[in-house]
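This report concerns only the one structure given below.
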Amino acid sequence: MPTARKLYLAPSLLSANFTQLGDDVRMLEEAGADFLHVDVMDGHFVPNITIGPPVVAALRKVTELPLDCHLMISDPDRYLEDFAQAGATFITVHVEAALHLHRTIDRIRQLGCRPGVTLNPATSLSTLEDILPYVDLVLLMSVEPGFGGQAFIPTLFRRAARVRQMLADCGHEDCLIEADGGIKLENIRDVYESGVDVVVSGSGIFGTPDPKLTMKQMRAELLDF
Ligand code: DX5
Ligand code: ZN
């Protein structure tokens, strides 16, 4: 049965070639990426360090695609303005890292960006309940954050279905559900079917011989829905 629900593909730049980021962005645009997923890690909230606002600003100059900034950092409030000024579209913060989550989400919106909230795989969905009406996106991690190329944790399926129900219950169906970690051509259909709108994939795209073809195949997996 056809569905009205759109699938957004959000390739993660973490698996791109950083020496030729501009070329990779062009390739992703041609392949029909909907968002560019930007993984920001601080070596404190997660045991890895990646990129920050200067790279977001550089990306903003070469693409009009929405920049989906996933902040895996402690004390995200300190950097919200920097990411907004750099041109972030979505700014998503971890519930485990934001001490005053409502204020943080409010601030992201004030700065002209779209606020998102994200949960590690074992964080209770009950932590979402009171922030859900205020966010544009819920990002469910399907790996522990910190590295690309990890194995998918299948509890994502029931978590996505549950969040979809929670959104329906509070009349906020416009909010996007995003999944991140271990998603590849082989499981993208199951992920979508569980209720996810935005699929992040890093190694599942860049780790294949022909990333453009892989993205095309990912969409084709869902055509008969
Ligand atoms: C993990 C990051 C992911 C990562 C996904 O901490 O948040 O966005 O890039 O990579 P894959 O798709 O390889 O699991
Ligand atoms: Zn991410």
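The values are calculated or read from the model by the stated rules, or taken from the named source; none is laboratory data. These numbers come from a predicted model, not from an experiment. When we count neighbours, we look across all protein chains shown, and the Cβ atoms used for this are built from the backbone with ideal geometry, even at glycine. SASA here: full protein model, heavy atoms, side chains in, ligands and nucleic acids out. Shrake-Rupley method; radii C 1.70, N 1.55, O 1.52, S 1.80 Å.
Would you confirm whether or not the stretch 144-152 contains a residue that is closer than 22 Å to Phe45 by Cβ and in a strand (DSSP E or B)?
no
Of the residues that make up the stretch 132-142, is at least one of a type in the set (Asp, Glu), away from ligand 1 (no atom under 16 Å from the Cβ) and within 26 Å of Ser201 (Cβ to Cβ)? Explain how you work it out, then say what you get.
As a first pass, look at the stretch 132-142 and keep what is of a type in the set (Asp, Glu): 136.
Still in the list and also away from ligand 1 (no atom under 16 Å from the Cβ): 136.
So of that shortlist, the ones also within 26 Å of Ser201 (Cβ to Cβ) come out as 136.
The answer is yes; a qualifying residue exists.
Among the residues of the stretch 198-209, is there at least one that is surrounded by fewer than 17 Cβ atoms within 10 Å (Cβ to Cβ), away from ligand 2 (no atom under 16 Å from the Cβ), more than 19 Å from the chain's Cα centre (by Cα) and in a loop (DSSP other than H, G, I, E, B)?
yes
Name the residues in the stretch 135-152 that are surrounded by 17 or more Cβ atoms within 10 Å (Cβ to Cβ) and without any contact (Cβ under 8 Å) to a residue 40 or more places away in the chain, would you?
The answer is Val143, Phe152.
Which residues, taken from the stretch 168-197, are in a loop (DSSP other than H, G, I, E, B) and farther than 19 Å from Phe147 by Cβ?
Cys170, Gly171, His172, Glu173, Asp174, Cys175, Leu185, Glu186, Ser194, Gly195, Val196, Asp197
Looking at (1) open to solvent by less than 60 Å² (accessible area, probe 1.4 Å); (2) in contact with a helix residue (DSSP H, G or I) (Cβ under 9 Å, 6 or more places away or on another chain); (3) away from ligand 2 (no atom under 16 Å from the Cβ), can you tell me which one Glu186 breaks?
Condition not satisfied by Glu186: (1).
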